[in-house]
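K.L.:
First the structure, then my questions, so here it is.
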Amino acid sequence: MSHPDPLPAPVTARSLVRAALPLGAFYLTEVLVGLTDLAVVGSLGTAELAGVGLGKMILLSIMVVGFAVLSVGTVFMAERPTPRCRGAIVAASLVTALPFGVVAVAIGYRAEDLLDAAGYAPDVVRAFAEYARVLAWAIVPAMLLAALKNVLVAVGRTGAIAWLSVGIVALNLAGGILLVHGIVAWNGLGVAGAGWATILANAAAAVALLVHVRRFVRIDGLQLSRVFGGAVGIVRLGWAAGAQQALESVLFIVVLALLGAHSPLWLAAGTLVFAVMELNYVASVALGEVLAARIASARAGRTGEAFRLLRLGVGISGGTAAILAMMLALFTEPVAGIFSGSQASPAARHLTVDLLRWTAPVFLFDAWQVVLVHALRGLRRTRLPMVLSTGCYWIVGLGSGVALAGPVGLDAQGIWIGFCAGLACASAMLAIVAVRCARSADRGA
């Protein structure tokens, strides 16, 4: 018979940050793995670099949406803190992840025809196919890694994730160099080698994490009905989270496309700002996952601390985003120089610097809306946040951006103003809902 874990220590700002830091390293690993793959295959040629970049963007988007769906498993584990419950949720998470793996493999094998029809160069299509058909299988160990990571978030033991993240990046880089370029008389596998390196790195990390979390889970004697029931629960609560993540990713692509239609300079500057915003997102989503687990535990235990935890999360995320914005404002020129290079035109450099400085304060709204979405997941609210965020992103943000760009005549600047307004709107609306839900949960304690 399994028993609940001992009561955890009171949640403080320090404990939230300490638990979130390793998670930040985990999500930063996704970015670094992508960068190492591009760096390794870059010497093969421009077509190979383009094919790998396109394949990674598409398949990682599927993986990120899957991560968002599986993240609600943390909520279930925090609500019912027993090893057997965690084992059932891990198994249910794998069942839930299967459709994402099927979609990834289908894209890896069928997208070649779509790229041909779209007019992509044959050598780019070939490189994409060779890479994507291998990388698609990395979704399976990546999803297992995410499910096991959720266990450590639920029990508040995330420290091992940081070391695991370092290992993933190192193994992916070393494996990529060896498998792409070969060694001695062996010429390697080309772009396919980068995909195999990612599979091996994720699989090794998943096995290591499985060994580490075995004391927190029990999988013996699990009933299929319980596993499939858990999968249904994850889908019911998590589909809205996944849909919201997908719509947000598409929004970023649409914004960049609109900027590019107005000016290549704006497209380059917008791409750079989005790259910097990824750091803000990594910090926010890491804190958000920890906060969701703590709020779920508080709600299930009827401790009346949901609103206090919400305030802690908002305060920490706002402070972190403010520090990042301040550093960006102070060191805008060096940051722009790192990404734009010496060959960038003075006009491109000037626009990039201005856009970074102007957008830096908006990092707070971006951080808050991410943390608030996760806090609401801990309160078992996912559908309303999806509706509100979608409305703010697409109606307020994109709608006002198109209006400012066209009728008002602000062109690309109007698109960017609308995008920032959408983030601010989402942050405000989600804050109102989160406060009401947290106070309601505390009153019911």
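Read the figures in this text as sums done on the coordinates, not as results from a lab. Only a predicted model underlies this, so the values are computations on that prediction, with no experimental measurement involved. As a convention, Cβ positions derive from the backbone with ideal geometry for all residues, glycine included, and neighbour counts pool all protein chains shown.
K.L.:
Output the relative contact order of segment 1-120, whole-number percent, from Cα pairs under 8 angstrom with separation of 6+ residues.
P.N.:
Working: 37 pairs, mean separation 37.3, N = 120.
Relative contact order comes out at 31 percent.
K.L.:
So if I place +1 on the C-beta of Lys and Arg and -1 on the C-beta of Asp and Glu, and nothing else carries charge, what would the dipole magnitude of segment 1-121 be about its Cα centre? I want it in debye, nearest 20. Display every interim value, and only then the final one.
P.N.:
Numbers: 7 positive and 8 negative charges, 135 e Å.
Once rounded to the nearest 20, the dipole reads 640 debye.
K.L.:
With label points built 7 Å along Cα→Cβ from the Cα atoms of V402 and R218, find their separation and express it in nm.
P.N.:
5.6 nm
K.L.:
With runs of 4+ DSSP H residues as the only contributors, calculate the mean residue ellipticity of the chain at 222 nm using -39,500 (n - 2.57) per run, divided by the residue total and rounded to the nearest 500. Each step should come with its number before you reach the end.
P.N.:
On the way: 17 runs with 361 residues, N = 445.
My calculation for the chain gives -28000 deg cm²/dmol from helical runs alone.
K.L.:
While we're on this one: Calculate the spin-label point distance for D354 paired with A329, positioning each point 7 Å from the Cα along the beta-carbon direction, and give it in nanometres.
P.N.:
1.9 nm
K.L.:
In whole Å, what three semi-axes, largest first, describe the equivalent ellipsoid of the chain built from its Cα gyration tensor (square root of 5 times each eigenvalue)?
P.N.:
Ellipsoid semi-axes (Å, largest first): 34, 30, 19.
K.L.:
Still on this structure, I have one more. Using unit Cβ charges (K, R positive; D, E negative) and no other charged atoms, how large, in debye to the nearest 20, is the dipole of the chain about its Cα centre?
P.N.:
Dipole of the chain, to the nearest 20 debye: 2120 debye.
K.L.:
Check each of the chymotrypsin sites (Phe, Trp or Tyr not before Pro) in segment 261-358 and keep only those in coil by DSSP with at most 14 other C-beta atoms within 10 angstrom; list them in order.
P.N.:
F331
K.L.:
Here's a follow-up. So in the chain, which Cys have no other cysteine's beta-carbon sitting under 4.7 angstrom from theirs?
P.N.:
Lone cysteines by the Cβ rule: C85, C420, C437.
K.L.:
To the nearest 20 Debye, how big is the dipole of segment 145-273 about its Cα centre, given +1 on the beta carbon of each Lys and Arg and -1 on that of each Asp and Glu?
P.N.:
It comes to approximately 520 debye.
K.L.:
In addition: Which net charge results for the neighbourhood of K56, defined as the other residues with beta-carbon distances under 11 angstrom from its beta-carbon, given Lys and Arg at +1 and Asp and Glu at -1? The partial results should precede the final answer.
P.N.:
Details: positive: none; negative: E30, D37.
Neighbour charge sum, excluding K56 itself: -2.
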